[in-house]
Amino acid sequence: MTQTLKENQKMIEGIGASHGIAIGHAYVRVKNHSKEATVAKTDDAEGEIQKFRHAVNRSIDEVESLIRKSRMTMTDEERDILEMQVEMLSDPQLHADVVALINNENSTAQAAVSTVCDQLIVLLGELDSDYLRGRASDVRACSEQIIRNIRGESLSLTDIPAGSVLVADDITPLEALSLDLTNVSGIVTRFGGRTSHTAILARARNIPAVVGCGDGLSIILQGEMLIADGSEGHVCARPSDETMQAFVMRRRAFDQERKELLSQTTGVAKTIDGREVRLQANISGPQDMSDALALGATGVGLFRTELLFMSHGNFPTEDEQFGYYRKVVEEANGHPVTIRTLDIGGDKPLPYFDLPREENPFLGYRAIRISLREPDRFLEQLRAILRASAYGKVRIMFPMIVGLQELRQCKSLLHEARHQLLSQGVAFDAQMPVGVMIETPAAAIMADRLAREVEFFSIGTNDLCQYTLAVDRGNKIVTSLYEPLHPSMLRLIGNIIDQAALHKIDVSVCGELAGDPRATLLLIGMGLGSFSMSASSIPVVKRAIIQGTHMRALQIASDVLDMNDTDQINEYLTEEALNRNI
């Protein structure tokens, strides 16, 4: 919707997708594939089918090449987005529908792709779910990439002036990750929602973004002054002097608040009444370590080892693994590093490891189940981790544990790895702490028994929520049921924390819940003293700690644990966070 405020100034309403305010000249990049192409016919169906398949293969190669080239700098979230795009490009139903149109309607490849994808976009747009409507942008990105390769066009954005606000129909995941966006101060798109990939990637790069602006963007002219308010979801074209001054002041206030947040990264995370809390980072490799320390991490609560394996053409050798782990440990500068053993399967396949096709891989052959059935490879990783422990404070953690039998098998192999290194005269920390991920209801229920045999617990709330609530977190149809603050989840978490305290072992939360500032005081009140999260979440969680008190945390926990309704819990915690300006 567009509204005239003065003779020239126009306000466009969209969806605030990435916080901050961008002020700059508009760089309009609206795609304009010819309408004639959507009704074009062909006499060479086989040639058009080959053209389509070639374009799909080229599109997949583009994405996979970017994943390989950027593996050391790409976040887990960005990699997940690109892997989802590969999955969509490879969708057999999409291929079948496009080929059927070419064969049955004599459509050109471009027209068939456009028709099939447009129909799906319309269908998604009519659904009630915000999440599913947001997936329309994924289909659009897939369509545009295939059409670009059918047309033989290159991916290019080299002439954008510094400080520009990019205006586009949408920004595909491939574009956002492969294009140089250093000159982009803000992003404004016609399509998309808060869960669209444009929104996710803009937040990852700290670029203010307003999405879902619709046809209101048609009034924006190339090079004119533009304001994009990613916090409130407003776009102002041709702002008056008065409006410009107001937004400049708001941007200064926002930047100052962010600077204050970052200034709190040094020093201890401690409540007003003296309760100290450890804030650690979840990382995937050495490239994440410096950012984590700069943002205030006091160590690594979860070092995912999968990235090393996923970026290789075959299983990395023991020496390659050792070098990788050692680098992280040394760059941690004396802070503890918790290394999780290989957690593949489910949604994390290895291209060179032949996993069986399963109806539900999340309940199948994954994580520690694979390691225990591949003992020689598991021993290689255990030896590599042990060797790295000679260079700093290392803890080892086993994923997807469901009971004592698996844990004891892991500890037996770890004992064997120690014996092998001792016989070779290789140095390692003989006292390296051993822990488990508590991410299954079975492990949560068995916490009292597991606590007798390990030195620490790490609560993986992502999978624990998935398994407790019987909700596949990758299933778009039931994603609204995935709720880490469900009363059953809080009961399980409370039991795990209580058992850890009773047996005097360390416990932390390393799932997404750890990075939610609304839940910070709740978890502290439940007895948690250690959090591990994405490094970018540390400043805001730290603010929630240093502005609160332990007494208030105890009261919040008492109130919330008395509630039986997830919506009530969310409303209570949201209001509490607003009252404390978190």
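The values are calculated or read from the model by the stated rules, or taken from the named source; none is laboratory data. Predicted, not measured: the structure shown is a model, and the values here were computed from it. FYI the Cβ positions are ideal-geometry reconstructions off the backbone, even for glycines, and counts take in every protein chain you see.
Failed condition for residue 215, given (1) farther than 30 Å from residue 299 by Cβ; (2) modelled with pLDDT under 85; (3) acidic (Asp, Glu), with all others met?
So the condition that residue 215 fails would be (2).
So is residue 262 modelled with pLDDT of 95 or more and either outside any strand (DSSP E or B) or in the same structural domain as residue 335 (by TED's automatic domain parsing) (or both) or not?
So residue 262 fails the test.
Whether any residue in the stretch 206-226 is more than 27 Å from residue 136 (Cβ to Cβ), assigned to a strand (DSSP E or B) and not polar (S, T, N, Q) is what I want to check.
The answer is yes; a qualifying residue exists.
Please work out if residue 365 is aromatic (Phe, Trp, Tyr), at negative phi, in contact with a Leu (Cβ under 9 Å, 6 or more places away or on another chain) and assigned by TED's automatic domain parsing to the domain that holds residue 301.
For residue 365, the condition - aromatic (Phe, Trp, Tyr), at negative phi, in contact with a Leu (Cβ under 9 Å, 6 or more places away or on another chain) and assigned by TED's automatic domain parsing to the domain that holds residue 301 - is met.
Looking at 514, 501, can you tell me which residue is of a type in the set (A, V, I, L, M), assigned to a helix (DSSP H, G or I) and under 19 Å from residue 452 (Cβ atoms)?
On inspection, the qualifying residue turns out to be 501.
Within the stretch 265-310, can you find the residues that are in a loop (DSSP other than H, G, I, E, B) and closer than 18 Å to residue 388 by Cβ?
284, 285, 299, 305
With the requirement that a residue be modelled with pLDDT under 95, part of a helix (DSSP H, G or I) and more than 16 Å from residue 574 (Cβ to Cβ), what does the stretch 519-540 give you?
535, 536, 537, 538, 539
Do the conditions hold for residue 247, that is, is it at pLDDT 90 or above, under 30 Å from residue 24 (Cβ atoms) and crowded, with 17+ Cβ neighbours inside 10 Å?
So residue 247 passes the test.
State whether one or more residues within the stretch 415-428 are surrounded by 16 or more Cβ atoms within 10 Å (Cβ to Cβ), touching a residue at least 40 places away in the same chain (Cβ under 8 Å) and either within 30 Å of the chain's Cα centre (by Cα) or not in a strand (DSSP E or B) (or both).
Scanning the stretch 415-428 turns up at least one residue that is surrounded by 16 or more Cβ atoms within 10 Å (Cβ to Cβ), touching a residue at least 40 places away in the same chain (Cβ under 8 Å) and either within 30 Å of the chain's Cα centre (by Cα) or not in a strand (DSSP E or B) (or both).
A quick yes/no check of all residues on (1) crowded, with 18+ Cβ neighbours inside 10 Å; (2) small (Gly, Ala, Ser); (3) touching a strand residue (DSSP E or B) at 6+ places or on another chain (Cβ under 7 Å):
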site	(1), (2), (3)
481	no, no, no
485	yes, no, no
492	yes, no, no
498	no, no, no
523	yes, no, yes
530	yes, yes, yes
551	no, no, no
574	no, no, no
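Collect the residues in the stretch 183-204 that are at pLDDT 85 or above and among the small types (Gly, Ala, Ser), keeping them in residue-number order.
Scanning the stretch 183-204 gives 185, 186.
Do the conditions hold for residue 49, that is, is it outside the structural domain of residue 219 (by TED's automatic domain parsing), touching a Ser or Thr at 6+ places or on another chain (Cβ under 8 Å), part of a helix (DSSP H, G or I) and at pLDDT 90 or above?
No, not satisfied.
For the condition surrounded by 16 or more Cβ atoms within 10 Å (Cβ to Cβ) and either in contact with a helix residue (DSSP H, G or I) (Cβ under 8 Å, 6 or more places away or on another chain) or at pLDDT below 85 (or both), what is the one hit in 37, 26?
From the options 37, 26, the qualifying one is 37.
Look through the stretch 328-344, keep the residues that are assigned to a helix (DSSP H, G or I) and among the aliphatic types (A, V, I, L, M), and return whichever of them is surrounded by the most Cβ atoms within 10 Å (Cβ to Cβ).
Out of the qualifying residues, it is 329.
Among residues belonging to the stretch 250-283 that are over 30 Å from residue 332 (Cα atoms) and basic (Lys, Arg), point out the one that is surrounded by the most Cβ atoms within 10 Å (Cβ to Cβ).
For the stretch 250-283, the residue satisfying everything is 251.
If we scan the stretch 469-479, do we find a residue that is over 27 Å from residue 580 (Cα atoms) and in contact with a strand residue (DSSP E or B) (Cβ under 6 Å, 6 or more places away or on another chain)?
No: zero hits.
Condition check ((1) farther than 23 Å from residue 235 by Cα; (2) modelled with pLDDT of 65 or more; (3) under 21 Å from the mean Cα position of the chain (by Cα)) across all residues:
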residue: 137; (1), (2), (3): no, yes, yes
residue: 145; (1), (2), (3): yes, yes, no
residue: 150; (1), (2), (3): yes, yes, no
residue: 155; (1), (2), (3): yes, no, no
residue: 160; (1), (2), (3): no, yes, no
residue: 177; (1), (2), (3): yes, no, yes
residue: 181; (1), (2), (3): no, yes, yes
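For residue 268, state whether it is among the β-branched types (Val, Ile, Thr) and either over 30 Å from residue 292 (Cβ atoms) or assigned by TED's automatic domain parsing to the domain that holds residue 12 (or both).
Spelling it out, it is not the case that residue 268 is among the β-branched types (Val, Ile, Thr) and either over 30 Å from residue 292 (Cβ atoms) or assigned by TED's automatic domain parsing to the domain that holds residue 12 (or both).
For the structure I just gave you, tell me whether residue 471 is aliphatic (A, V, I, L, M) and either free of Cβ contacts under 8 Å to residues at least 24 places away in the same chain or surrounded by fewer than 16 Cβ atoms within 10 Å (Cβ to Cβ) (or both).
Yes; evaluated as a whole, the condition is true for this residue.
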